[in-house]
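One structure below.
The values are calculated or read from the model by the stated rules, or taken from the named source; none is laboratory data. None of the values given here were measured: they were computed from a predicted structure. Note: ideal-geometry Cβ built from the backbone for every residue, glycine included; neighbour counts use all protein chains shown.
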Amino acid sequence: MNLVKILKDNKQSIIENTVSWIQLTYPSRTMEFDKCTRDIGYIYDAWLYDLENNSTTQTQSVTNKFWKRGTSQLKTTHVELLAYDYINTLINDIHPSNEIDNLVSITKHNILNPPVFATGAFDYSTANRINTYNWTDQIPDQVLIDDIIQGIHDFVPSKQRIVRYNIRVIPAYKMPNLRQKIYQGTKAEPSSPDSRYNPQVLAPYVIAIAPKVTLAVPHNKDYLMYEAGVEIGLAAMFISLAAPAVGLDVGFCACIQNEEDMIKDIGISPKLYLGIGYKSDDVKYLCPVYNKIVDIPGSDYNQKPSIEEYVKYV
Ligand SMILES: Cc1cc2nc3c(=O)[nH]c(=O)nc-3n(C[C@H](O)[C@H](O)[C@H](O)COP(=O)(O)O)c2cc1C
């Protein structure tokens, strides 16, 4: 009989058998047996997909999720590795197969090793989109920036295709006075004399975005600003994923104290800046306001609420 059919027919019993084995052999490993069953099921389905399509990509993609931004999501790896050996044995007892051996071996490899994504893959962009605060001196090729901007025009949706924002592309690396003014406007706590600033905007390129709200119907201002805000978010998300796809890094900064004053320099009153360049691993930078070396802001300082707190399935 065909291997895929056998694996489909035996899916539930193989997974249940494996979870019971974990429960019996390593009783303190987990109490979340539903989650464990679900996760083994995802991987099992990936193997089925790859067997049917003569590929390994689905197994690669699903097992890459053992990792998030270079950090393993598993508390320990020992039991996981044994559990996948166990499943492999169960399958081989029914129907020996080199293909399954290979997919299990990819799974075990990816339990132990962080994923290596193909540059440009969506997974690569999402894993590499981190808020960037420090930059090397390397100037991105302008064609890379032009492509990202063209991509906004070509691919980012806009209700009725109105495009409710204006964008300015600022090659800040060759405009020191403008760069200084942008930076000075990003004081995090304006009333505090020694407040930090936002070095995201010291990137070689800064993209400034402002809502475009024509007040033909003034009483609708809140709704128009809401629409513009949604669309700015879409454009910003596009930039932040398109940039890593070509090896660039992005830093968001919405902390802008001098937005009205910026009109005379760039023609818009920006609500959001995105610095673009190449990330430096230095955790300190030269602050051009205090004129001294200071720490970059910590991006892990704020933590998201748990997913269950804000996502509910209805
Ligand atoms: C719209 C937007 C505006 C942001 N503005 C600032 C800012 O002004 N200053 C800052 O330090 N970080 C800012 N951030 C960065 C977030 O705080 C950051 O995304 C968060 O610390 C999590 O880090 P991560 O993006 O690397 O996951 C902004 C992020 C977004 C999406």
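Observations, loosely collected:
- Qualifying residue in the range 204-211 (condition: of a type in the set (Val, Ile, Thr), assigned to a helix (DSSP H, G or I) and within 21 Å of the chain's Cα centre (by Cα)): no
- Qualifying residue in the range 210-218 (condition: β-branched (Val, Ile, Thr), within 11 Å of the ligand (Cβ to nearest atom), in the same structural domain as Ile148 (by TED's automatic domain parsing) and surrounded by 13 or more Cβ atoms within 10 Å (Cβ to Cβ)): no
- Conditions (1) surrounded by 14 or more Cβ atoms within 10 Å (Cβ to Cβ); (2) of a type in the set (Lys, Arg); (3) within 24 Å of Thr126 (Cα to Cα); (4) in contact with a helix residue (DSSP H, G or I) (Cβ under 7 Å, 6 or more places away or on another chain): number failed by Arg29: (3)
- Here Asp194 meets each of (1) within 13 Å of the ligand (Cβ to nearest atom); (2) surrounded by fewer than 22 Cβ atoms within 10 Å (Cβ to Cβ) with one exception, condition (1).
- Within the set Ile170, Ile130, Ile145, the sole residue that is in contact (Cβ under 8 Å) with a residue 40 or more places away in the chain, closer than 17 Å to Phe252 by Cα, out of contact with any helix residue (DSSP H, G or I) (no Cβ under 7 Å at 6 or more places or on another chain) and away from the ligand (no atom under 16 Å from the Cβ) turns out to be Ile145.
- Some residue of the range 47-69 being of a type outside the set (Phe, Trp, Tyr), modelled with pLDDT under 90, closer than 19 Å to Asn113 by Cβ and loosely packed, with under 12 Cβ neighbours inside 10 Å: yes
- Gly233 falls short of the stated requirement of being within 12 Å of the ligand (Cβ to nearest atom) and part of a strand (DSSP E or B).
- Considering (1) without any contact (Cβ under 8 Å) to a residue 40 or more places away in the chain; (2) more than 21 Å from Lys11 (Cα to Cα), the lone condition that Trp67 does not fulfil carries the number (1).
- Check on Asn88, outside the structural domain of Leu234 (by TED's automatic domain parsing) and surrounded by fewer than 18 Cβ atoms within 10 Å (Cβ to Cβ): no
- Residue within the range 287-302 that is within 23 Å of the chain's Cα centre (by Cα) and away from the ligand (no atom under 16 Å from the Cβ) present: no
- Scope the range 210-227; condition at pLDDT 95 or above and either touching a Pro at 6+ places or on another chain (Cβ under 6 Å) or farther than 15 Å from Lys271 by Cα (or both); matching residues: Ala210
- Residue in the range 277-295 that is among the aliphatic types (A, V, I, L, M) and under 13 Å from Gln200 (Cβ atoms) present: no
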